[in-house]
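Quick notes on the structure that follows.
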Amino acid sequence: MAQPPTSSASAPGRFDSALRELHPAYFAMVMATAAVSVAASLTGMPAVAKMLLAINIPAYVLLWLLFAARFLRHPKHALGDLSDHIRGPAYFTWIAATALLGSQLMSIVSREKAGVAMWALSVFLWMVLIYGVFTLIAVKRDKSDLKRGISSGWLLAVVATQSVSVLSALVCERSGSYQHLVAFLALTLWLFGGMLYVWLITLIFYRETFQKLDPSDITPPYWINMGAMAIATLAGVHLLSIADQAPLQPFVPFIRGMTLLFWATGTWWLPLLLLLEAWRYLVRRYPFSYNPLVWSAVFPIGVYTSCTARLAEVMGIAILRPIPRALVFFALALWIVAIIGWLRAVARLLRPSRTAASR
């Protein structure tokens, strides 16, 4: 939830205020937890993977309840976010969280029926939110300039698309007579997601390199520059894994080449992002504080760990195998830091106000 107000308002008043400002990107918590859980499973930590799944399911349900309450209590704010250049793309986390939780259920505990249900919901959300948000922003009369309006948060559209592609590939083998259709959907989403990345990263890269960049501009969603390519790599690897059961065989050489290209692009971003973080916090002394966007930095590390492990396995690239084994601990550490920050934010929200305590 949003940072709780520090005034002496009553707890219900503080909660309602936090609900009004609840950031649509909060589903990134589910995305990050799913990504780290799958990474733990792929690197030989099944107990950790299942523990994170046990946390993720109620978190997903709770977020739906909170956002339903927000739409009922504060429809103007909730609907207004849909056409906002900054908060609007955050709604794409709803798609990605649904698809990634479905992938988590199928990969870790083999809940196939639940995975298929989550796949159907993620496809529905993709149709509604991708076209809804882009249409509302396109027809908006008063628009932001490039400096304020473009950020790496827009790449959540790519992450959402590739997440549905991943789950589609997992569902493919359970699709019966519809297997070819689901495989084709997985392929086309993967291709479209790759093209969408090219469109968006061009604007983002221009913003980063040709306009003034302040420490406040280096927000956690900048890690999605890498995370979008990591989830595209994971989707490509899943496509290769179903190529024999689906009509994808003619595309295998192309998929292999593009998957490696996506991984290389994501890997290129890693040192640059670390240097920008060092510049922000060590050179410019920018203060660190928890906000829901922090989860947008946890997710890319988790999914990069997973995609590297799967890439090494499927393509037989042995030199890559040590990377996920080491990186998974970094992903877990980031997740723990983020969850502690969230718990502290919730504790401040529920803490009795100074006025109430003095009565």
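Couple of notes before you dig in:
- If you go through segment 187-215 and pick out every residue that is exposed (fewer than 13 other Cβ atoms within 10 Å of the Cβ) and either among the charged types (D, E, K, R) or touching a His at 6+ places or on another chain (Cβ under 9 Å) (or both), you end up with 2.
- Summed over segment 88-109, residues that are within 20 Å of F67 (Cβ to Cβ) and aliphatic (A, V, I, L, M) total 7.
- Qualifying position, being in a helix (DSSP H, G or I), within 17 Å of M31 (Cα to Cα) and not hydrophobic (A, V, I, L, M, F, W, C), among Y91, Y131: Y91
- Single match in L320, L327, L311 (criterion: buried (at least 19 other Cβ atoms within 10 Å of the Cβ), touching a Leu at 6+ places or on another chain (Cβ under 7 Å) and over 30 Å from R87 (Cβ atoms)): L311
- Number of the exception - S107 against (1) among the polar types (S, T, N, Q); (2) touching a Ser or Thr at 6+ places or on another chain (Cβ under 7 Å); (3) in a loop (DSSP other than H, G, I, E, B): (3)
- So W119, is it over 14 Å from the mean Cα position of the chain (by Cα), crowded, with 16+ Cβ neighbours inside 10 Å, part of a helix (DSSP H, G or I) and among the aromatic types (F, W, Y): yes
- Checking A120, A35 one by one, the residue that is among the small types (G, A, S) and over 17 Å from G302 (Cβ atoms) is A120 and no other.
- Counting the residues of segment 255-281 that are of a type in the set (K, R) and at pLDDT below 95 gives 1.
- For segment 279-315, the set of residues classified as in contact with a Gly (Cβ under 7 Å, 6 or more places away or on another chain) and more than 24 Å from V38 (Cα to Cα) consists of Y290 only.
The values are calculated or read from the model by the stated rules, or taken from the named source; none is laboratory data. Just so you know, these numbers come straight off a predicted model, no measurement behind them. Note: ideal-geometry Cβ built from the backbone for every residue, glycine included; neighbour counts use all protein chains shown.
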